[in-house]
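Here is the structure we will look at, set down as structure tokens.
The values are calculated or read from the model by the stated rules, or taken from the named source; none is laboratory data. Everything quoted here is computed from the prediction, not taken from an experiment. Here Cβ is always computed from backbone atoms with ideal geometry, including for glycine, and neighbour counts include all displayed protein chains.
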Amino acid sequence: MKRFSILLLAAMLGCAGAPSPAKVSKSWGISGTEALVAADHALASKAGAEILAKGGNAVDAAVATSFALAVTRPQSAGLGGGGFMLIKPAGKKAVVLDYREEAPSGSRAAAYLDDKGEVIKGKTQTGVWAVGVPGHVRGVLHALREYGSMSRADVMAPAIRLAEKGFSVDAHMQRSMRNIVSRAKKHALDKALYDEIARTFLKDGKPYEIGDILRRPQFAKTLRLIAKKGESVFYEGEIGEAIVATIQDAGGPMTKKDLAQYRVKVREPLRGMYRGYEVLGMPPPSSGGACVVQVLQVLDGYPRGSLSLPEYYAVLAEAMKHAFADRAASLGDADVHPGVKKDVAQMISTVHADTVRAAFVKGKTFPPKHYGLTALKDDHGTTHYSVMDKAGNAVAATETVNTYFGSLVLASGTGIVLNNELDDFSIRTDVANVFGLMMSKRNVIRPGQRPLSSMSPTLLLKNGEVVLAAGGSGGPRIISATLQAIVQIIEFGRLPDEAVAFGRIHHQWSPNKIYAEKRLLPEARTLLEKSGHVVVDLPETREAATQVVYRKGNRLYAACDPRKGGKPAGR
């Protein structure tokens, strides 16, 4: 850890001035010529690289990485959650797979309000009423079937091996284990449910020590069943029965029919332009694509080199305030609310980008109502992985169980952590969710609807082929972190190892303040404060983590955010 801190400090100091010469950090960045995987756990990256070395393509590697993350990052994502995958096969059209969770048939907004109409604290965050119908298994296996080249058994073998043999607990997992105890107490989690998760992820009721080996034999058995029988065993077989029984035994709303009817949705990516690159992003129910494309197109209107780095942060803050205000007012599940598609098209239009840019006043910021929204009052446990192979296939995928260890509910006997994705819905439009985000009536919970997300898997294309795959974890900070990694690479010429480690800011319109990392350039912070922003320190426990693969000439460069301790792999 001491060596890691020294390397991180050296990278920060190298970023403070002009872009440094092309080089690759030995700790969280690598380069290669064939194929690279960037995930936020080193063993997950290695799982994907193992599949690539055996002749698999980028999608095969992505699926192997996803299942390995379900083992090694259970606090962040896994079989009990969902996600979005952006796939660009070489020479073919890009496609989006939406395997976001859905609200169960028995979940309605009224169920989360008390007799006085107040939101019941914690009900969408902890326990069985917080759980959405999981889409992960159906999503990644759809990707494998349609775009992969290897069998389930082949791509799942690394994850099964990890679950059986175990792996070392790192600092990030230990920190999230502490969250189990505090959240369970805060929200009075049912004792039987607490005992199940405590047996699996705590040692004598306390977090594991860093370096302790965590083995997951129950989860290994679950993975073997899926490898043998496919997704049907999860959605209609014995695994699904265990999920539903756990929820219903504790009085929750999910049914067998909810699971059996879940389907992956294939969508078209959102498209925009930035510095001559085509940007592909996630459509609703993700807000990530619309916000990323909108902000990049606003920035694209400034001539290259016309903004100093501190000025760039000031412009970025204003652009993010507009984007998050648009997010709050307009976005939701487009399959349920047809008007969302029209509003998204307007959000990512160059006309809107010009309008937003024209509203900026140099050296000044404004109160929230200035940003076009007056109707409202004033993804933490997520993971992302990026994969590119020699043939030009690319994947950017973000998956989640929402907050650390999701709902704190494990499906009995399976080792599966169930999500708390229902907290991403609105219960009342004047009450923010756990991330402080305000949302409109379009995102009020209703059966079968998919909640709005900040997940932002993003691809950049040049001449029709992928040159960059990026995304991140960290709730709404996913959007700002992904944006800043892209801009540091494309605008300021940094390689991914520097780009992902660079100091960042976050502004989500409401609350009206900038969250700044302590590593942010002092000159940038000073300029933001002089412009009228309230700038507060972002706690290290709330930082986002980005994973990037970038093609420059004949080489590939990959980096995993040092904030979460992942490492890329490949050759």
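Could you please find all residues in region 241-255 being closer than 20 Å to LEU141 by Cα and over 25 Å from the mean Cα position of the chain (by Cα)?
GLU241
Pick out the one residue from LEU483, LEU459 that is closer than 17 Å to LEU309 by Cβ and under 15 Å from the mean Cα position of the chain (by Cα).
Every option except LEU483 fails the conditions.
Consider only pairs whose beta carbons are under 6 Å apart and that are at least six residues apart or on different chains; among these, list those whose first residue lies in region 493-505 and is assigned by TED's automatic domain parsing to the domain that holds LYS321 and whose second residue is of a type in the set (Lys, Arg) and not in a helix (DSSP H, G or I).
Hits for this filter: GLY503/ARG519.
Could you check VAL336 against (1) surrounded by fewer than 16 Cβ atoms within 10 Å (Cβ to Cβ); (2) part of a helix (DSSP H, G or I); (3) among the hydrophobic types (A, V, I, L, M, F, W, C); (4) in contact with a Lys or Arg (Cβ under 9 Å, 6 or more places away or on another chain) and say which number it fails?
(2)
All but one of (1) assigned to a loop (DSSP other than H, G, I, E, B); (2) within 30 Å of ASN554 (Cα to Cα) hold for VAL279, so report the exception by its number.
(1)
Name every residue in region 182-220 that is crowded, with 16+ Cβ neighbours inside 10 Å and not hydrophobic (A, V, I, L, M, F, W, C), in order of residue number.
Across region 182-220, the qualifying residues are ARG183, HIS187, ASP190, TYR194, GLU196, THR200, PRO207, TYR208, ARG216, GLN218.
Can you give me the number of residues within region 31-42 that are surrounded by fewer than 24 Cβ atoms within 10 Å (Cβ to Cβ) and either out of contact with any Phe, Trp or Tyr (no Cβ under 6 Å at 6 or more places or on another chain) or assigned to a loop (DSSP other than H, G, I, E, B) (or both)?
4
Being crowded, with 20+ Cβ neighbours inside 10 Å and closer than 21 Å to VAL131 by Cα narrows it down to one of SER286, SER232, so name that one.
SER286
Out of region 407-427, which residues are in contact with a strand residue (DSSP E or B) (Cβ under 7 Å, 6 or more places away or on another chain) and small (Gly, Ala, Ser)?
Of everything in region 407-427, those that are in contact with a strand residue (DSSP E or B) (Cβ under 7 Å, 6 or more places away or on another chain) and small (Gly, Ala, Ser) turn out to be SER407, ALA411, SER426.
Among the helices (runs of 4 or more DSSP H) confined wholly to region 128-195, which include 2 or more residues that are farther than 30 Å from VAL96 by Cβ?
Counting at least 2 such residues, we get 152-165, 171-186.
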